[in-house]
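Taking it in order: structure first as structure tokens, then the write-up.
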């Protein structure tokens, strides 16, 4: 795949703590103006002998599934010395108001739009998260943060106690703060009873569908969010397995695999994707590469892909798109 | 073989003619001797050719047998490789599921 460095992206991207020796706390970008929906850019890193994709994911502010799906031909446990690993650090912003916290469950990613201080430019901060597994789905809807707890005590609900007991692994009624506490060092209680945004004592599980419905973050991520967010901040829990958005004259599509509880549908329906694309092109004209849609949905690698040709510059721009080979057989249609 | 038959027929005709006409002429006798010699040589050539053909048939049969054995070995190796690949994929899947399970609360 060819790396595309969009000048607009470069101008908008303000990556604060990328690729230091310590894990990335957050990917922070200047909030683009309304009408521009894509932030960041795809990047690469070369694996060291001792690396796993889980290590690289954490160091890069990514979740496990994100990095595995972006690197389907690489062994997650033994990538190998010098192997080039794609970092899918480009995102179409979810279709939701750009305020407070937006959690996109299918994407397993949280977006935080902090209120800018006087004279500051607005920013968006994004973190990988874990969400609820099968039968423990993370709830959707509008909620808010009702309290913040440092070094939280975990009191597992009866349902979780019963599940662990049935598995022969009974839990205590109260888990005090410490290394065995699955909430980690910080927790944000939501107004939906029993649901939290919290840290973890198993950071390797971030970016997977493994929780009882809570939103789990890397320890360094929850600490940064905990310190930044206030009680009362709105939290929108949405499920958008595909996202459509503009960057300049280009329309991007980002598709994520369906979560396990939705897997009985096997494949993401193309109809809502087509509707979303048509909706986007009502406000701005574009020639859509419809012929690529099926393969993008099939791949569902979570990386934004250009699905339009620039109306102002024409087909010559194809050479600068990510999938030039695919573009050779395009069927160009006007919506 | 056709040549051999023709030469044999000519020799037979010459011998018969010699017997019928008394073989008094020296050239005719010489011609008959040459024809006989040629027929003998042709017969020897035919025998050699038959032997060579039999040998080639045997070699081809052996080659076919060797090829069949090689095909069986290749099929067995493919089957083993396929089984190993299935096992590897199953292990990867198992590892992935164990990892995810271990990451649950």
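In the set B:81, B:60, B:43, which member is touching a helix residue (DSSP H, G or I) at 6+ places or on another chain (Cβ under 9 Å), surrounded by 10 or more Cβ atoms within 10 Å (Cβ to Cβ) and modelled with pLDDT of 95 or more? Residue meeting the stated conditions: B:43.
Just wondering, is there one or more residues in segment B:56-74 that are within 41 Å of the chain's Cα centre (by Cα) and under 30 Å from residue A:74 (Cβ atoms)? No.
Here's the yes/no breakdown for (1) within 19 Å of residue A:133 (Cβ to Cβ); (2) surrounded by fewer than 23 Cβ atoms within 10 Å (Cβ to Cβ); (3) free of Cβ contacts under 8 Å to residues at least 24 places away in the same chain; (4) within 13 Å of another protein chain (Cβ to nearest Cβ):
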{"site": "A:165", "(1), (2), (3), (4)": "yes, yes, yes, no"}
{"site": "A:178", "(1), (2), (3), (4)": "no, yes, yes, no"}
{"site": "A:191", "(1), (2), (3), (4)": "no, yes, no, no"}
{"site": "A:207", "(1), (2), (3), (4)": "yes, no, no, yes"}
{"site": "A:218", "(1), (2), (3), (4)": "yes, no, no, yes"}
{"site": "A:221", "(1), (2), (3), (4)": "no, no, no, no"}
{"site": "A:226", "(1), (2), (3), (4)": "no, yes, no, no"}
{"site": "A:235", "(1), (2), (3), (4)": "no, no, no, no"}
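Any residue that is part of a helix (DSSP H, G or I), within 14 Å of another protein chain (Cβ to nearest Cβ) and closer than 30 Å to residue A:161 by Cα - is there at least one of those in segment B:85-94? Checked segment B:85-94: at least one residue is part of a helix (DSSP H, G or I), within 14 Å of another protein chain (Cβ to nearest Cβ) and closer than 30 Å to residue A:161 by Cα.
Only strands (runs of 3 or more DSSP E) whose full extent lies in segment A:124-241 are considered here, and the ones with at least 1 residues that are touching a strand residue (DSSP E or B) at 6+ places or on another chain (Cβ under 8 Å), within 21 Å of residue A:54 (Cβ to Cβ) and at pLDDT 95 or above are A:196-198, A:209-211.
The values are calculated or read from the model by the stated rules, or taken from the named source; none is laboratory data. Here the structure is a predicted model, which is why all the values come from computation and not from measurement. When we count neighbours, we look across all protein chains shown, and the Cβ atoms used for this are built from the backbone with ideal geometry, even at glycine.
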